[in-house]
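The values are calculated or read from the model by the stated rules, or taken from the named source; none is laboratory data. The model shown is predicted, which means the values in this text are computed figures rather than measured ones. For neighbour counting, all protein chains shown are included, and Cβ atoms are generated from backbone atoms with ideal geometry for every residue, glycine included. Remember, those area values only see protein heavy atoms, side chains included, never the ligands or the DNA or RNA. Shrake-Rupley method; radii C 1.70, N 1.55, O 1.52, S 1.80 Å.
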Number of protein chains: 2
Amino acid sequence: MKEFYMSLALKEAWKYQFLTYPNPAVGCVILDKNNQILSIKAHEKQGEAHAELNAIKEALKLLKPEFNFPKEPNALHEFILTNHQKLLQNATAFVTLEPCAHQGKTPPCAKLFSTLEFKKVFVSVKDENQIASGGAEFLRQNGILVEMGILEKEGRELLKPFLKWQKGAFKLFKLALSLNGSALGKFVSNETSRIYAHQIRSIIDLLVVGGGTLRKDRPILDSRLCGGKAPNLCILSHQNLESFDKTISAFNVKNRQIFTQIPSNAKFLMYEGGAEFLKSFKNQMDMFLIFHNAKFNQEENVKLDLELRPLFKGNFKEDSYGIYELL
Amino acid sequence: MKEFYMSLALKEAWKYQFLTYPNPAVGCVILDKNNQILSIKAHEKQGEAHAELNAIKEALKLLKPEFNFPKEPNALHEFILTNHQKLLQNATAFVTLEPCAHQGKTPPCAKLFSTLEFKKVFVSVKDENQIASGGAEFLRQNGILVEMGILEKEGRELLKPFLKWQKGAFKLFKLALSLNGSALGKFVSNETSRIYAHQIRSIIDLLVVGGGTLRKDRPILDSRLCGGKAPNLCILSHQNLESFDKTISAFNVKNRQIFTQIPSNAKFLMYEGGAEFLKSFKNQMDMFLIFHNAKFNQEENVKLDLELRPLFKGNFKEDSYGIYELL
């Protein structure tokens with residue numbers, strides 16, 4: 001069953017893939033001393049609780065609904081260390097990444113498990129990060145059983161975007177298709193899919209689009225559906241930026257920087273466009289985020305040769321989406 | 001958490017959707033007295049164990065690996081009634097359909113729960129079948145807590161094919177597409193997807209194809225990938241059957257009946273074909289089984305107007321598939 005619980009943690013983490021930038025996507029499942037599932041949670045966003053803290057909070061909430069948890073991660077951490085009442089003594093955790101042992105923006109998660117007297121912690125992937133690693137060793141020194149390498153291949157796939165943007169730049173291509181492969185039409189994806197895309201836009205360093213799309217669709221390319229920050233823009237075009245109609249909405253977003261070349265300090269870039277843009281840049285991409293709605297239409301499909309390997313598949317109501325890498 | 005456990009039972013049942021014909025697809029999850037998950041199983045095929053029996057067997061196997069269970073469902077049922085050692089006393093079950101209370105091809109599942117002294121049985125959908133129903137009442141009379149209606153909407157969706165073929169004919173359209181919506185090419189889907197399609201072929205009453213496909217692809221249309229029975233064929237064509245080249249493989253399958261009109265006694269029919277065939281029959285279909293591989297190509301897509309509603313999404317390695325109904 002340990003692979004089953006780890007798969008729940010991995011799946012939960014994938015739901016927040018990209019959104020945790022610059023942090024890694026991490027998931028955590030907690031079982032009580034009798035192996036009853038208490039919580040399945042993930043790290044959702046930089047600056048918010050780590051997956052372990054989130055899952056422990058959720059587990060305690062189930063056991064003590066009267067707890068009034070503070071929202072801020074440091075205060076939450078402190079609250080739990082003070083008020084846990086040994087409610088999670090001999091509990092088990094499944095974490096997709098080795099719990100951190102260092103004081104970062106939030107206190108170390110390994111400390112949480114030891115103070116709360118967990119019995120066992122299963123880990124998918126060892127943390128190779130020099131600063132944060134050492135969690136497993138810390139846990140063992142504190143008498144907690146640690147088993148590493150549960151669904152390790154899957155755990156490594158979850159970490160791929162993080163490892164890429166940590167070392168250099170991570171490039172994601174976003175494409176929205178109908179069930180029969182057409183990228184045409186204004187609202188191909190439903191609102192839930194577009195909210196996810198806007199959430200990604202709100203945390204990336206750069207949104208990269210083609211000049212043609214900008215002229216034709218005159219989009220605003222912001223993050224309004226999630227109330228987030230509009231991304232800086234890089235417009236790749238054969239034509240001079242001066243020649244563009246400046247009443248196009250994308251040019252009139254407050255505090256937006258606009259580039260015509262990729263700035264070297266951009267670590268997480270999302271490319272958005274249709275068939276031609278994909279054809280031009282497919283081989284430079286690290287991953288592809290492809291939405292499919294549930295409709296056939298009469299439009300032409302995106303035609304190009306491209307073999308992908310799915311890493312995750314999810315659903316947003318009637319839409320589905322896949323996160324792929326080049327085969 | 002009860003919705004979570006029921007969703008696991010539903011998902012497991014969907015994996016065997018269509019394959020249980022003429023029985024309904026049913027899933028079952030079993031928790032021990034401390035709410036630890038012991039098993040997640042489904043009814044897989046007519047004549048084999050019901051979901052409840054399968055899940056109970058799996059749970060006991062986990063608790064007593066030395067048990068040597070008979071395979072035949074009646075013998076398995078008897079073995080469990082005799083050898084359970086109260087190992088599942090106070091256990092909880094989540095079943096997508098009210099457990100049967102009648103002696104059918106196998107003994108009643110409700111009896112299993114009462115003899116093994118389960119504490120509680122959660123049910124998604126009440127069994128409206130006159131013969132099999134009464135399971136909840138039987139359980140309650142035997143002191144077992146019963147809670148009906150957990151994820152009932154989802155439970156009813158799972159039963160749709162069964163309710164349709166029970167009352168008349170259930171028509172499924174199978175379509176295999178590339179990620180960009182083309183139905184062209186010989187092996188669009190991978191072997192795992194095709195095995196599922198062959199499993200369905202092996203249990204349907206009738207495979208319906210167009211004359212054009214037959215002439216062009218010269219397929220055999222059997223169930224060789226799962227070693228099952230080749231389905232009877234209905235060839236819908238404007239041309240007389242006499243005019244077909246009889247060396248086409250499909251005509252040379254042993255014990256295959258070939259029709260040119262849908263026989264009225266066919267209860268489960270699968271339509272297979274491409275864009276034109278789908279266009280002709282889409283409005284008569286009850287459901288659509290659509291496979292997508294993970295490749296873009298240079299081929300034309302399937303063009304038609306068709307809005308669908310997904311009921312289930314699954315994956316077969318790099319392929320994904322959806323089961324849809326008309327919106």
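Numbers at a glance
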quantity	calculated
Estimated [θ] at 222 nm from DSSP helical runs (n ≥ 4, -39500 (n - 2.57)) normalised by residues in chain B, nearest 500	-8500 deg cm²/dmol
In Hz, Karplus ³J(HN,Hα) per residue of the stretch A:183-195 (6.51, -1.76, 1.60; θ = phi - 60°; x = Gly, Pro)	9, 8, x, 6, 10, 5, 8, 7, 5, 4, 5, 5, 4
³J(HN,Hα), Karplus 6.51/-1.76/1.60, whole Hz, each residue of the stretch B:43-53, x for Gly, Pro	6, 9, 6, 4, x, 9, 4, 5, 4, 4, 5
Accessible area buried, both sides summed, chains B and A with 1.4 Å probe, Å²	3400 Å²
Residue B:257-residue B:167 FRET efficiency (beta carbon distance; Förster radius 30 Å; 0.05 resolution)	0.80
Inter-centroid distance (Cα atoms) of the stretch B:145-163 relative to the stretch A:10-57, Å	30 Å
With DNA, RNA and ligands ignored, accessible area of residue A:133 (1.4 Å probe; Å², nearest 10)	40 Å²
Heavy-atom accessible area ranking, 1.4 Å probe, most first, across A:92, A:115, B:82	B:82, A:115, A:92
The stretch A:49-85: GluC sites (Glu not before Pro) falling in loop per DSSP and having at most 13 other Cβ within 10 Å	A:66
Normalised contact order of the stretch A:168-326, rounded percent, pairs of Cα under 8 Å and 6 or more residues apart	35 percent
Long-range amide H partners of residue A:121 with built H, under 5 Å	A:93, A:145, A:146, A:147
Net charge over other residues, Cβ less than 12 angstrom from the Cβ of residue B:225 (K, R count +1; D, E count -1)	+1
Net charge dipole size for the stretch A:252-327 [Lys, Arg +1 and Asp, Glu -1 on Cβ; Debye, nearest 20]	320 debye
Percent RCO, i.e. relative contact order, over chain A, from Cα pairs under 8 Å lying at least 6 residues apart	15 percent
Contact order normalised by residue count of the stretch A:237-327, Cα under 8 Å, 6+ apart, percent	25 percent
Size of charge dipole - the protein assembly as shown - debye, nearest 20, with Cβ of Lys, Arg +1 and Asp, Glu -1, no other charges	180 debye
Pair residue B:105, residue A:126: separation of 7 Å Cα→Cβ label points (nm)	5.2 nm
Shielded residues, the stretch B:18-37 - accessible-area loss of 20 Å² or more between chain alone and all protein chains, probe 1.4 Å	B:34, B:35, B:36, B:37
Gyration tensor (alpha-carbon) shape descriptor, the stretch B:168-326, a/c threshold 1.5	rounded
Amide proton proximity set for residue B:208, modelled H, under 5 Å, gap of 5+	B:234, B:270, B:271, B:272
Cβ-derived FRET efficiency at R0 35 Å, residue A:69 paired with residue A:220, nearest 0.05	0.40
Estimated inter-spin distance, residue B:280 and residue A:315, nm [label 7 Å along Cα→Cβ]	3.2 nm
Cα gyration tensor, chain A - rounded (a/c under 1.5), prolate or oblate	prolate
Rounded if a/c under 1.5, otherwise prolate or oblate - the stretch B:1-162, Cα gyration tensor axes	rounded
Cα-centre dipole for chain A with unit charges at Cβ (Lys and Arg positive, Asp and Glu negative), debye to 20	360 debye
Accessible area in the full protein assembly, largest first, 1.4 Å probe, for A:87, A:207	A:87, A:207
Per-peptide average of other Cβ atoms within 10 Å, ordering A:137-143, A:312-318, B:267-273 highest first	B:267-273, A:312-318, A:137-143
Paramagnetic reach from residue B:46 in the stretch B:1-28 [backbone N under 17 Å; point 7 Å along Cα→Cβ]	B:16-26
Accessible-area composition of the protein assembly as shown, carbon plus sulfur, in percent [1.4 Å probe]	48 percent
Heavy-atom surface of the protein assembly as shown, accessible at 1.4 Å and reported per residue (Å²)	43 Å²
Cut-off 13 Å between beta-carbons: net charge of the residues surrounding residue B:150, Lys and Arg +1, Asp and Glu -1	0
Greater than 22 Å apart at Cα, pairs in B:41/B:119; A:171/B:186; A:229/A:267; B:61/B:229; B:246/B:279	A:171/B:186; B:61/B:229; B:246/B:279
